[in-house]
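The structure under discussion appears below in the form of structure tokens.
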Ligand SMILES: Nc1ncnc2c1ncn2[C@@H]1O[C@H](COP(=O)(O)OP(=O)(O)OP(=O)(O)O)[C@@H](O)[C@H]1O
Ligand SMILES: [Mg+2]
């Protein structure tokens, strides 16, 4: 199979994921309303938190509110911390069929996740528009260059999130009881990525710990870039750290995958 | 060929047997529920590592929210005028009420699956109320995580909160937690009843669940007038923990409603649960078992 | 008593579902418009089943058999029409109806997946209020009849299809219901397993007097078990009556198949009331006829021309080394009805 044909196949898988995410009307409407409601509630909470306070930990109210909005949107659009199709297919024993396809299983899984992410984009655009309308969001700091840095950082953040999900999903090859582990992962990732509350507010020891984990590269780094919290040198360093995580996690995924494959072949799935 | 039929029947009927028509005893609904529940518990306890894993997963999920609220109060000292101890009590009451919902009633989460896969057929073929059978369909060990974390946090928060604990307030706390659980269960069953027609209510229910979990630990005032009213009368979040908490904390003066409303959960909980149950029973008429 | 076990009158079931669109922006379009289609799975079915009957409920795929059974069992609420089972409306009086019926859906088990088979039986016994001694007696009886001994302690998810089906049958009969519904109980089973299930059903019907409604695509099941059949298609009853009468009415002929002594190719004289049907056939073994022997059939209507008369006339006319009288097989009858969609009046 040529690589062009493989790309076509992957695009088809991705589109299928988009389609199935949009298949049930009530689900589409509910998920759109859900993210809009969440944005409003998050804004209300953070405005209340800042009532009568100008600045805490060097962060002013409008920034904290805007951060919370973007945190909610990121959580929704990344759809990270969620069960991937891979884990489900291993459990249902359908993995053998997947392995027979001409496209690698890892690209298949990633294509599917990208598709699901793409399906979330329209509702998240609505959410951003709503936030702008109620004055809870402002343009990214640093003009065009800032925007570019944010886009790059977001792309890297998405890559880190997808790879982390993939790694967690692959534990399904070793144990069928991954439900609990996935919930722990989701909880840890949501908190440690800074999607709920920025690392700025965390006590020094906690922040120090979280900065050594890949999760902050998923959400906190792109959002720090958005708000211009990182100066020139720091910005470059932050992007480099994200890139480093992508490389490390990709290598790890490769390693785990080859072990998993070995396991499937030896044990017959 | 007609002969063949006769032959087969002849072979099949060996020595004369007495017809099998046993006398059946009446079985009370409660006993039937317990028989099924015991079987589900047996399955859960047979896979002990999964039990522990899932319970820990639930603890982590609720714990991340606790951590978030903790960090927030650590920095800001109060939210909507409520201090650390007060928010802690509110959080704990909400979580315990959630456990009251998930331990016995958590199986509402599988209704989409039962309907779409046709497993709901089974519930209609047994001489037990399908609703009770649904409750005992499986046992979700995650609910034990909710319960244990809830109780631990409640015990700690009870010390921190400025409440004068008397036998009366303790009884009120317990009753109100049960009522809060019934509010949540009632809402979830009402939503589940839509599954019989819509087929997919999963994301609706998850959305409501996470809204309760993520926005339950704040005093309602932070959501403004419209928000407060919406979270009282559209999505009855206020009845789960906030209203009774204002009674315990002596903060009923901040309510938009008369002070007596702080005690209304005790009635609203059972009422909403009953309404959710009725909606479920009523809508189940529309079940159309998938072909096959 | 006197009242029939099952009475269905003008039973109708419609299903309505949204139309799934395809093409560009299909998802978006289905958000704004709502189109629905309605299918009539059962379209005015009426019949009664007396106590102790064993009725075959037959029809091609999608005819509406399972849908009817689901209405009779109380799983589905009919769109219109009335149904009474043992004097009760199943979907209204669901719990009491459930205590008096046993149901096996071949496609879908009702056993507890994660528990040993024995535990499923104990659960059923407790849910139906069967006391301990009765339960032990029943289990002993069914274990022997269906040979369950080997896998009683195996979790249901580890059972083979045939074992699972026997388990499902036992679970359905444990509490001795006077009415048993079987929806494709032999689907996917091997010959031995099928034979065992047939024996069981026959015995249940004969010894216990259990009324049985049986749906199947295996016509051997029908021939071995059912005196009466109900044929439906497109949700409508095509035929309700005796299996033998169906055969007589629909294909009112019989073949006298003879092997001729000589191999002449000439035209044959057909006695009055018969026609010659020449299909490629071979002589039966052990008759001494050569492989090339000519085998022909004389087709006649036994109601018009008695079989002995045809035999006498044919043997007087031709020298034969072997003869056999055959009825057309049920398979052919059913295939003919399904494809023409109507029963000859
Ligand atoms: N839940 C449902 N929703 C929509 N259509 C349905 C549903 N259940 C059955 N049908 C349709 O009703 C018709 C009858 O189905 P039914 O299952 O009763 O057929 P059947 O006679 O049992 O067929 P088979 O021999 O294949 O089991 C079919 O066209 C089927 O597609
Ligand atoms: Mg069927």
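All of the numbers you see were taken from the coordinates with simple rules; none came from a lab. Everything numeric in this text was worked out from a predicted model, so none of it was measured. Cβ placement follows ideal geometry from the backbone for every residue including glycine, while neighbour counts extend to all protein chains displayed.
Per-structure values
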{"item": "Degrees, to the nearest 10: B:84-105 long Cα axis against longest axis of chain B", "result": "10 degrees"}
{"item": "Burial ordering of B:207, C:307, fewest other beta-carbon atoms within 10 Å first", "result": "C:307, B:207"}
{"item": "Ratio of Rg to Rh over chain A (Cα coordinates, Kirkwood Rh, two decimals)", "result": "0.99"}
{"item": "10 Å binning of all Cα-Cα separations within region C:253-327, expressed as whole percents from 0 upward", "result": "20, 56, 22, 1"}
{"item": "Cα gyration tensor, region A:129-180 - rounded (a/c under 1.5), prolate or oblate", "result": "oblate"}
{"item": "At R0 = 51 Å, FRET efficiency that the Cβ-Cβ distance of residue B:275 and residue C:39 yields, to 0.05", "result": "0.95"}
{"item": "Cut-off 12 Å, label 7 Å out along Cα→Cβ of residue B:225, residues of region B:240-262 by amide N", "result": "B:256"}
{"item": "Packing-based exposure ordering (other Cβ within 10 Å, fewest first) of C:327, B:288", "result": "C:327, B:288"}
{"item": "Global geometry of region A:173-262, whether rounded, prolate or oblate, following the gyration tensor of its Cα atoms and the 1.5 cut on a/c", "result": "oblate"}
{"item": "Space enclosed by the convex hull of the alpha-carbon atoms of chain C, per residue, Å³", "result": "227 Å³"}
{"item": "222 nm mean residue ellipticity, helices alone, for chain B (DSSP H n ≥ 4; -39,500 (n - 2.57); rounded to 500)", "result": "-21500 deg cm²/dmol"}
{"item": "Crossing angle, helix B:48-76 versus chain B [Cα axis fit, 0-90 degrees, rounded to tens]", "result": "20 degrees"}
{"item": "Cα-based equivalent ellipsoid, region C:87-194: semi-axes from gyration tensor eigenvalues, Å", "result": "22, 17, 13"}
{"item": "Region B:49-71 versus region C:96-151: alpha-carbon centroid distance in Å", "result": "40 Å"}
{"item": "Cα gyration tensor shape for region B:28-286, rounded if a/c is under 1.5, else prolate or oblate", "result": "prolate"}
{"item": "Computed E for residue C:316/residue C:340 - FRET, C-beta separation, R0 45 angstrom, nearest 0.05", "result": "0.75"}
{"item": "q = 0.07, 0.08, 0.09, 0.11 Å⁻¹, the protein assembly as shown: log10 I(q)/I(0) [Debye, one scatterer per Cα]", "result": "-0.72, -0.89, -1.05, -1.36"}
{"item": "For chain C, built as a Gaussian network whose Cα springs stay under 10 Å, the top-fluctuating residue of C:40, C:118, C:281", "result": "C:281"}
{"item": "Order of C:197, B:177, A:13 - criterion: other Cβ atoms within 10 Å of each residue's Cβ, fewest first", "result": "A:13, C:197, B:177"}
{"item": "Nearest-ten-degree value, helix C:191-207 long axis tilted from longest Cα axis of chain C", "result": "80 degrees"}
{"item": "Highest-fluctuation residue, B:133, B:188, B:159 considered, GNM on chain B with Cα pairs under 10 Å", "result": "B:159"}
{"item": "Percent RCO, i.e. relative contact order, over chain A, from Cα pairs under 8 Å lying at least 6 residues apart", "result": "26 percent"}
{"item": "Highest-MSF residue in chain C out of C:114, C:324, C:183 [GNM, Cα springs under 10 Å]", "result": "C:324"}
{"item": "Share antiparallel - DSSP beta bridges, the protein assembly as shown, percent rounded to 5", "result": "70 percent"}
{"item": "Helix-only CD estimate at 222 nm, as mean residue ellipticity for chain A, using -39500 (n - 2.57) per DSSP H run (n ≥ 4)", "result": "-24500 deg cm²/dmol"}
